[in-house]
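K.L.:
What follows is a single structure, and I will ask about it in a moment.
The values are calculated or read from the model by the stated rules, or taken from the named source; none is laboratory data. Worth saying up front: this structure is predicted, and the values here are computed from it rather than measured. FYI the Cβ positions are ideal-geometry reconstructions off the backbone, even for glycines, and counts take in every protein chain you see. SASA here: full protein model, heavy atoms, side chains in, ligands and nucleic acids out. Shrake-Rupley method; radii C 1.70, N 1.55, O 1.52, S 1.80 Å.
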Amino acid sequence: MILIFLGPPGSGKGTQAKLLAASHKIPHISLGDILREEVKNGTAIGLKAKEIMNAGRLVPDEMTIELTGQRVSKGDCQNGFIVDGFPRSIIQAEGFEKILAERKWSLKAAIYFDLPEEVAVKRLLLRAGLEGRADDNEAAIRTRFEVYAKQTAPLIKYYERQGKLCTIVADQSVEKIKTDLSLILDGNN
Ligand code: AMP
């Protein structure tokens, strides 16, 4: 089962991706986590990505496509995986399609976490205090929303046209979203 989790920053897609990955025993692939690890380790990729990430902008498409291709080539992805925070642009979505086609894999669904912007901003500001992420300050949060609206939101239509989009009402408790998600996936199996 290959799934994409799509939605604005703060929509809870990371939390749900982790829960679902654990219950289905498949990897949760977070591009943000992979990039933060590169930054922490001071690699060439990390050095390139750091300032871009701190500002809340997107790192280059080729970089994310390359990192995703490498990650899904690992043995643990043979039975499926959940990609959280990728693709974030049409070019990335096309790159991902190529990655899947080369392996004769197909996407099961793009799960869209639908959340009003004001709610998402409030959640992120709260998280700023808890997780201390460098990009959870007000200026970076504002940029991340602008970037999301301009570059990532077009993916909703993109996957809708492919008949792959499943929408989740994300302004609910973690438990309720988890239930909704399993209903969608079971109905889809
Ligand atoms: P996230 O943890 O998903 O919020 O990602 C944190 C930051 O990493 C983003 O604000 C971007 O700077 C970068 N990033 C993560 N995923 C991508 C992606 N698919 N394309 C471009 N940049 C990304």
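K.L.:
For V174, all conditions in the list (1) under 17 Å from L6 (Cβ atoms); (2) surrounded by fewer than 16 Cβ atoms within 10 Å (Cβ to Cβ); (3) within 18 Å of the chain's Cα centre (by Cα) hold save one; what is the number of the exception?
P.N.:
(1)
K.L.:
With the requirement that a residue be within 16 Å of L107 (Cβ to Cβ) and within 12 Å of the ligand (Cβ to nearest atom), what does the stretch 14-27 give you?
P.N.:
Scanning the stretch 14-27 gives a single hit, A17.
K.L.:
Now for a different question. So which of G46, G42 ends up being without any contact (Cβ under 8 Å) to a residue 12 or more places away in the chain and part of a loop (DSSP other than H, G, I, E, B)? Steps first, please.
P.N.:
Working: G46 fails: part of a loop (DSSP other than H, G, I, E, B).
Residue meeting the stated conditions: G42.
K.L.:
Only residues that are in contact with a Gly (Cβ under 8 Å, 6 or more places away or on another chain) and either open to solvent by less than 10 Å² (accessible area, probe 1.4 Å) or in a loop (DSSP other than H, G, I, E, B) (or both): list them for the stretch 3-19, please. Let's see the steps before the verdict.
P.N.:
So the first thing to find is which residues in the stretch 3-19 are in contact with a Gly (Cβ under 8 Å, 6 or more places away or on another chain), and the list is 3, 5, 13-14.
Within the stretch 3-19, L3, F5 qualify.
K.L.:
For the stretch 98-142, how many residues are surrounded by fewer than 15 Cβ atoms within 10 Å (Cβ to Cβ) and touching a Phe, Trp or Tyr at 6+ places or on another chain (Cβ under 7 Å)?
P.N.:
The number of residues fulfilling the criteria is 1.
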